[in-house]
Amino acid sequence: MNASKKCPHCGQWSAWNQSPHDRCEHCQGILAPDALARQQAQSLRKQEEKERFTVDFIQINPEDPWYTKFFKRIGLGFQLTFVGVVSFLLWLIAVLAG
Ligand SMILES: [Zn+2]
């Protein structure tokens, strides 16, 4: 996919692979600064989402008494359900948005 794009810096036409990182043949300026900024914002947002949905799972120790294990397992079950639902929603949003 080869295309050309008018450089926003020097106004000359330059070969462009439609990548936000492509630079102008003439002045080495970024050909698509908007796309680059958008891409960076997007990856930043993805990073934030990943951090937000990181759940610290309850650790069950073999030395715990049975009732502690019992309640920890229930808590862990809720955590797994929550993560499953959130992952499903994120997937759904991605599918609907795509
Ligand atoms: Zn240029």
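Here are some notes:
- Considering the stretch 40-73, the residues that are surrounded by 10 or more Cβ atoms within 10 Å (Cβ to Cβ) and among the β-branched types (Val, Ile, Thr) include one that is modelled with the highest pLDDT, namely Thr68.
- Subset of the stretch 12-26 (residues that are within 15 Å of the ligand (Cβ to nearest atom), surrounded by fewer than 15 Cβ atoms within 10 Å (Cβ to Cβ) and in contact (Cβ under 8 Å) with a residue 12 or more places away in the chain): Gln12, Ala15, His21, His26
- Residue match in the stretch 34-47 (condition: over 30 Å from Gly75 (Cβ atoms), hydrophobic (A, V, I, L, M, F, W, C) and within 16 Å of the ligand (Cβ to nearest atom)): yes
- Looking only at the stretch 22-68, residues that are closer than 30 Å to Val85 by Cα, under 24 Å from the mean Cα position of the chain (by Cα) and of a type outside the set (D, E, K, R) come to 11 in all.
The values are calculated or read from the model by the stated rules, or taken from the named source; none is laboratory data. Treat the numbers as computed from the prediction; the structure is a model and nothing was measured. Virtual Cβ from ideal backbone geometry, glycine too; neighbours counted across all protein chains shown.
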